[in-house]
Structure formats: structure tokens, C-alpha cells
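J.: Encoded as C-alpha cells, here's the structure I'll be asking about.
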DNA sequence: TTTTAGTGGTGTACGGTGTACACACAAAAG
DNA sequence: CTTTTGTGTGTACACCGTACACCACTAAAA
């Protein structure tokens, strides 16, 4: 009795399937996640997946929810450090799973981790006495910046400064173009000299946004009168 | 003689192919742009397209360049209004072609309109006496905000306030969830009361970023000393 | 005018994709 | 035991991007 039969069935589960999909995407990008490849990696025939996942859309939805689930919040800190931490953690998660940003556009059915995340952010802001609509504005501005920043980093044609110069030089290669786009040429030159640190740049912009939010909050407190 | 033959060949061109592809994507979304559908719409056999376009990637690259080409700049205004105008125009273009944002992530080979655009933005900032790295930071922050904002608008599960309430109610439907996510519930309620204007919200955040950039510039001018 | 070269359009074919549907079989319930 | 309920299988279909060989037409050369 018991499972010494050596080919006892150890069934998959939705979670396992999604996890394998995430791993696959992390390694080879989103386009390497096909139902067939996923099935192969799960040692199962393609159609078996459909017992755990409604269809591919459903799978992708689940995948982005995994990413949201990896973002963590500090608790008990003031709103600014809490929001800051969240932003950094979100950025880390999106860099760990570079396919995620591309999925956000097109996924419109938020999963539980996503809902939990949104709820937590609003909690932080509201508990810090943000008026409702100020909180919405702040949240919106901040997430816009975070997502956009990652989106841009992803579609820049380089990752390291060296690559940057090489690539840029290639694009601007025809010398006439350096004259047609003089300010772009300057970018190439300066980039070569000093390099470009995405993380640093991200934090800088983040502070800029946080400053703006802080000011928004203070103005609001002024006009409304404090309790 | 000349072309009364009624079946004179009127050959396609790369531009025509790309234009048809854009039109197709505008109407039915990116996933309705298949080489076969594109060929059908161009009254031509699929393989004919490959005489004008290297492959589908090439086509997609060309499509995003069309979008960049539609963004226009005011000339002769101060940097702030110029940048503001550009942001609004960019937003309009991205809303006119909702598939574009999704394409940005993954496209890493900028077309001529894209290059021209980048060059122009840097021109505006540099002519306004932004130090180089401040200009880079400003540009980066602003575009991050713009793209992110659109990305968010796109993946929100609603477009009008009514849809918002309906959708949100559906998601939070199990009454237990309203207790699990009280702050999210508040969002639903407030959204129902007052609605949500994407355009207004965009401008608000944009001002926040522009303020931040202005401050960045002034600080820089302080520490460096003015000429 | 006839010839020639080159370009743009065609037809066929291949290996990939997501998934509908009918079936087989293992595990749990009676 | 038998029955019920799921999970895994096999086959099949429509669609995708595109390689390759071919043909038709246009425009330049003769």
C-alpha cells in the first residue's frame, strides 16, 4: 500500500503551474511561456494544464498576482518611509520579473494579492491623515512614476553604460546624424563619460514625487484647516 | 494608353503597409494585427508584405515610430509650457493608439521620429539652461510619469465612473471582502459619488512633477552659482 | 520596338501556437 | 465492492509567422 508504487500520481495544482510559468518567464522571457513548453516542464501533456487554469489569460493574470505578492511593506513607519519602501520593493519585484511590466498593460482583472496591495497603500495614506482625494492623487502619481520608470528602463536599448555608448554610437553612426541630432549626440558623449545608474536615477525621481506629495498634503491641510 | 487598363499595378509601400497596420490596431487592438489580416486588408497575399517589411518585429517598430511622429511641440515657449504641451500631446497620441504603450516595453530599436523627439526634448531643456544631468533627470522623471500614467489608465478595469463602480462592486462583491479590504471599499464608494476624471488627474500629477523639476533646476542654479 | 533586368506579388509548405472535445484512469465516497 | 469525481491523455482544428521557389509586370536598355 501507500505510495511505493513509484508511479503514484502526484497531481499538479494551480499554484504549481503558475510557479513553473513564472520560472519559465524569468529565464526566457514571456514569449517562452507557451502552454506546450509549460506542459513539458511540468512533465505533463499540454491539455492537462487546463484542469488548473481556465486559459492562458487566466494564467497570465495569476502570474502578475504572484509579483504583487512579492512586494512587502514596512509597518509602523511614517507614511513617507513606508511609501518609499514600498516603491523600492515594487521596483525590485518588477526587476526580478521583467516580463511583469509588459503584462500590466492588458491585464484588467486584479488578483487577491493585487487587491491586498491596493488596500494596504490606501491604509497607509489614510491613516496618515491624507484626505481621500489627496490620497488618490498621491497614489496615482507615485505608481505612475514607478511603472513608467521601469517601462523606460526596460525599453532602453542598453543595460550597462558600456552597452549604452556602443548602442547609441551605432544608432547615431552615420556622422550626418550627429549633426541632425546634436543634443542626442551630447547624451551619448556624457553617458560615455559618466555612465548611468538606473537605481540612483530612480531614487532621485522618487524623491521628487514624494516631495510633491508632501507639499500637496500640506496645502490641503492649510485650506481645510487642521482639526 | 496609360492606366486605363483598370488593373494597373498600384504597388504598396512600406508606409502604406504600416499605416494599414496602425489602422487595424486602432480598431481591434494589437492582437488583431496579424500578417494575414494585414495582407487581407491590403488586398494582397501575406507573403507580399515581406517585400516592404523585414518581419513582424520590424513592422511593430515602424508602428511605434508613427506614434512618436504624431507628437508635436510648441516652439518659442518657455521650457515649462513646452514640456507641458509635449506631455499632453504625447498623452493624446498614446490614447489615440492604445496599443502603443504595450509595445514600448519590448521595442528597443528607436525609429527616426523617436530620435527626433528625444533630440527636441533635450534641446528645449538645454536651451533653458538646464545643466546636462539635471535635464536628464527631468526628462526621465517626466516620461516615467507620462508612460506610467497611461499604463495605469489602460489596465484599470474600467473607463467611465459608472463602469468603475460596477466593476469594483463586482470584484468586491462577496460582502466579506468589503471587510477584508475596507480602504478599497472606500475607494469604490467615493468613486461612485464623484467619478474619476483621468485627464484632470493626469494634469494634476503632471504639475506635481513639473514643480519638482522646477525646484531641481533652481537648487542647481544656486549651488553652481549663476553666470 | 524588342529585350532585358529587376522588383513586387503569388502559392505552397512547415513548424509553431491556443484550445475544444471525447476518452482513460486513479483516488475518494458510498 | 461499486460508484462518483476529478486529473491526465490523444486527437484534431484553426490560426500564426515566414522560408523558398516561382511568375508577372514595369521600366530601362538595346
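The values are calculated or read from the model by the stated rules, or taken from the named source; none is laboratory data. This is a predicted model, so every value here is computed, not measured. Here the Cβ positions follow ideal geometry from the backbone for every residue, glycine too, while neighbour counts run over all protein chains shown.
J.: When the residues of segment B:157-185 are narrowed to those that are modelled with pLDDT of 75 or more and within 7 Å of another protein chain (Cβ to nearest Cβ), which ends up surrounded by the fewest Cβ atoms within 10 Å (Cβ to Cβ)?
T.: B:183
J.: Return the pair list, or none, for Cβ contacts closer than 7 Å from residues in segment A:43-55 that are within 6 Å of DNA strand D (Cβ to nearest atom) to residues that are not in a loop (DSSP other than H, G, I, E, B), at least 6 apart or on different chains.
T.: Taking only residues 6 or more apart or on different chains, the pairs are A:45/A:39; A:48/A:39.
J.: Which of the helices (runs of 4 or more DSSP H) found entirely inside segment B:35-134 contain at least 1 residues meeting this: more than 16 Å from DNA strand C (Cβ to nearest atom) and farther than 25 Å from residue A:185 by Cβ?
T.: Answer list for segment B:35-134: B:56-69, B:79-96, B:99-104.
J.: Assess whether residue B:30 counts as being buried (at least 18 other Cβ atoms within 10 Å of the Cβ) and either within 22 Å of residue B:115 (Cβ to Cβ) or within 16 Å of DNA strand C (Cβ to nearest atom) (or both).
T.: yes
J.: Return the residues of segment A:197-221 that are at the interface with chain B (Cβ under 10 Å from one of its Cβ atoms) and either crowded, with 20+ Cβ neighbours inside 10 Å or more than 21 Å from residue B:140 (Cβ to Cβ) (or both); say none if nothing qualifies.
T.: A:202, A:205, A:206, A:208, A:209, A:210, A:212, A:213, A:216
J.: Can we say residue A:14 is closer than 26 Å to residue A:101 by Cα, away from DNA strand C (no atom under 13 Å from the Cβ) and either surrounded by fewer than 13 Cβ atoms within 10 Å (Cβ to Cβ) or at pLDDT 95 or above (or both)?
T.: Considered against the rule, which asks whether it is closer than 26 Å to residue A:101 by Cα, away from DNA strand C (no atom under 13 Å from the Cβ) and either surrounded by fewer than 13 Cβ atoms within 10 Å (Cβ to Cβ) or at pLDDT 95 or above (or both), residue A:14 comes out as yes.
J.: Do we find a residue being within 21 Å of residue B:105 (Cα to Cα) and either in contact with a strand residue (DSSP E or B) (Cβ under 6 Å, 6 or more places away or on another chain) or more than 12 Å from DNA strand D (Cβ to nearest atom) (or both) anywhere in segment B:29-40?
T.: Yes, segment B:29-40 contains a residue that is within 21 Å of residue B:105 (Cα to Cα) and either in contact with a strand residue (DSSP E or B) (Cβ under 6 Å, 6 or more places away or on another chain) or more than 12 Å from DNA strand D (Cβ to nearest atom) (or both).
J.: Right, another one. Is one or more of the residues making up segment A:105-121 within 21 Å of the chain's Cα centre (by Cα) and on the phi > 0 side of the Ramachandran plot?
T.: Looking for residues that are within 21 Å of the chain's Cα centre (by Cα) and on the phi > 0 side of the Ramachandran plot, one finds at least one in segment A:105-121, hence yes.
J.: If you check residue B:141 against the conditions, is it over 16 Å from residue A:108 (Cα atoms) and more than 7 Å from chain A (Cβ to nearest Cβ)?
T.: It is false that residue B:141 is over 16 Å from residue A:108 (Cα atoms) and more than 7 Å from chain A (Cβ to nearest Cβ).
J.: Separate question: Just the residues that are closer than 16 Å to residue A:69 by Cβ and at the interface with chain B (Cβ under 8 Å from one of its Cβ atoms), please, taken from segment A:102-119.
T.: A:104, A:107, A:109, A:110, A:115, A:116, A:118, A:119
J.: Looking at (1) more than 14 Å from residue B:152 (Cβ to Cβ); (2) in a helix (DSSP H, G or I), which one does residue A:145 not meet, given that it meets all the others?
T.: (1)
J.: Would you say residue B:91 is surrounded by fewer than 20 Cβ atoms within 10 Å (Cβ to Cβ) and touching a helix residue (DSSP H, G or I) at 6+ places or on another chain (Cβ under 9 Å)?
T.: Against the criterion (surrounded by fewer than 20 Cβ atoms within 10 Å (Cβ to Cβ) and touching a helix residue (DSSP H, G or I) at 6+ places or on another chain (Cβ under 9 Å)), residue B:91 does not qualify.
J.: Just to be sure before I move on: is residue A:24 away from DNA strand D (no atom under 15 Å from the Cβ) and within 14 Å of chain B (Cβ to nearest Cβ) in the structure I sent?
T.: no
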